[in-house]
Amino acid sequence: MAASVTVRCFNVRDRRCPVSCAQRLAALFSTRPGAGVTRAEGDTEKKNVPKSLQDLRAERQAQAERSVLVSCHPKTNENKFLKYLSRHGNINKCFFYESFGTYAVVEFSNQDGVRSLLESAAIPRISHESVVPLRSRLLSLRNADTVDTDKQSAPQCQPQKTVSMNELIQQLSSCTSVEQQIVSLTEAQSLTDENTRLRFLVCSLLNDIAAAYFPECSIKPFGSSVNGFGKLGSDLDMILDLDGTGEGNANMLRSGMYIEYQVKRASSERAVTQSVLSVIAECLDQFGPGCVGVQKILNARCPLVRFAHQPSGFQCDLTASNRVAMRSTELLYLYGELDARVRLLVFTVRCWARAHGVTSSIPGAWITNFSLTIMVLFFLQRRNPPILPTLDQLKELAEPSEKCVFDGNDCTFTSDFHKISLETNTETLDKLLGEFFEFYSSFIFNRMSINFRKGKEEHKPELHPLYIQNPFETSLNISKNVNSSQLERFVSLCQESAWLLQSEGNLTTLLLPSHITAVRGRKKRKREPASERIKGLLESLRTKNNVQNK
């Protein structure tokens, strides 16, 4: 049964989630501007349509432009620090974190505060070495009066990385249901408001450097940093958007006399992208404070610059004019906002996959996080009734003004939440997680492919072990890198996890090391011994928690 595509107002009641987890879900997603569900007294729901990704990004960028990043002494007195900065303007938010030292992100109420602070800043004078006199919003606090040496105190630093797997398992062992464990896992893994602010601030700092060459350009985060599926500690993917340059004159009347810029010609858009990124890379390498290990990877299918930004601790990838990737980001954000269970399942499946080496941060024959996310969304499209609409259904709802074609690829879909109608599906999180593993345990990968646009299986157009059609560049297989042994291991782990979840009824069992091992290309399975080890570990965790509670 296909999902309804009739036009009606978006109703937050369609965001089905277990009632016992509703308050924790609201707290979890309220850290993001645009969170759509709030509750009033008497169990009355206030219906707020989620913000579009464009509005959300604009809000975050405005916050970043009003912010500075300050390197501080580890024992900086926070009150003295804020009192000093308040001389320059009202402060909306300030938080500390650690990365190659202690840093503070300070957001002023307006840009006048930033300008006042920068006017008071000085270029450091070092007698035995020379410095690049670059003025930016990346600053250092040198006033010893702000250091509290007597109390030996330090500001409370916000976490920028996830807890270890052992710590996560201990946290989950105190939960009383699989649903609570899924919510707790997502809380522990998701990007915080502070980490999201830092990501946008880094983009804004780098944009200040790029703007020296391209005054109207913008550097924006994309991918998991903004689509709602980002994990603490993940890389920062950025795009240098040059398409906006000259947009202000796009509608100018082209009759009679007019003025235009003289520009240099290039053989192709790719050549322009390579040249621009090469220049930006040199600038970051030579002049960008905190930018180290700059690599130019310009001959890749999508040219990029890779580097580490030490003040934030982020590994960064900067590309240019990757419009399809930006559109994919918006699509995943849309799906994540349609139903609260979507992000919870994606985070849980991704964590499970990392625990068992199904995914990896190192390029290779593994399933990628993007492929895994599409597999979760496809599974939710295949429920009866479906939880998510297909991409083609979202395309049918789009207005003519939303038509979007990049390089011959149709990237059209509606971003208007008012138009999207969802069928009523009340399946619980634990049921959906078990059904996900069952679904892919029996999927006919040797003959069928995953068509996310249509929400159905199709015969493979090519003989790769795993074939997932790219949602927008439909001639491409986003899982082309996956080999047979990795796919077989994924299927075996799904079979094992479905069995464990049904027999043990505990999420922690799925995150423990698997007893499935590859022996010269063949699978070796020993269920009972592994089950006993799992039970023993869970019992020790319960005993530890009981002792701590006493």
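The values are calculated or read from the model by the stated rules, or taken from the named source; none is laboratory data. Just so it is clear, the model here is predicted, and its values are computed rather than measured. Here the Cβ positions follow ideal geometry from the backbone for every residue, glycine too, while neighbour counts run over all protein chains shown. What goes into the accessible areas is simple: the full protein's heavy atoms, side chains included, and nothing from ligands, DNA or RNA. Shrake-Rupley method; radii C 1.70, N 1.55, O 1.52, S 1.80 Å.
Odds and ends about this structure:
- Cα shape, region 307-444, gyration tensor, a/c 1.5 rule: oblate
- Per residue value of the accessible surface for region 171-329 (all protein chains in place, 1.4 Å probe), Å²: 46 Å²
- Rg and Dmax of region 174-309, both derived from C-alpha coordinates alone, stand at 19.9, 75 Å.
- Two-site label geometry, residue 456 and residue 125: point separation in nm, points 7 Å out along Cα→Cβ: 7.6 nm
- To put it simply, the accessible area of region 465-519 at a 1.4 Å probe is 48 percent carbon and sulfur.
- 3J(HN,Hα) along region 426-437: 10, 4, 7, 5, 5, 5, 5, 5, x, 5, 4, 5 Hz, from the Karplus curve 6.51 cos²θ - 1.76 cosθ + 1.60 with θ = phi - 60°, whole Hz, x for Gly and Pro.
- For region 62-68, 3J(HN,Hα) per residue [Karplus equation, 6.51 cos²θ - 1.76 cosθ + 1.60, θ = phi - 60°, Hz, x = Gly/Pro]: 5, 4, 5, 5, 8, 10, 10
- Label-point gap, in nm, between residue 163 and residue 360 - each point 7 angstrom along Cα→Cβ: 2.8 nm
- Here region 91-144 has 47 percent of its accessible surface on carbon and sulfur atoms, given a 1.4 Å probe and all protein chains in place.
- Per residue, region 413-465 exposes an accessible area of 44 Å² to a 1.4 Å probe, with every protein chain left in place.
- For region 157-164, Karplus couplings with θ = phi - 60° (6.51, -1.76, 1.60), whole Hz, Gly/Pro x: 9, 6, x, 10, 9, 6, 6, 5
- Region 339-406 shape via C-alpha gyration tensor axes, a/c threshold 1.5: oblate
- Amide H contacts for residue 314 (H built 1.01 Å from N in the peptide plane; partners 5 or more residues away or on another chain; cut-off under 5 Å): 309.
- Solvent-accessible surface (1.4 angstrom probe) belonging to residue 55, in square angstrom, nearest 10: 90 Å²
- Shape category assigned to region 113-239 from the gyration tensor of Cα positions, a/c cut at 1.5: oblate
- A cut-off under 12 angstrom between Cβ atoms defines the neighbours of residue 316, and their net charge, with Lys, Arg +1 and Asp, Glu -1, is -1.
- Once both labels are positioned 7 Å from their Cα atoms along Cα-to-Cβ, the gap between residue 235 and residue 287 label points is 2.6 nm.
- Dimensions of region 326-376 based on its C-alpha atoms, expressed as ranges along the principal axes with the largest first, amount to 31, 23, 14 Å.
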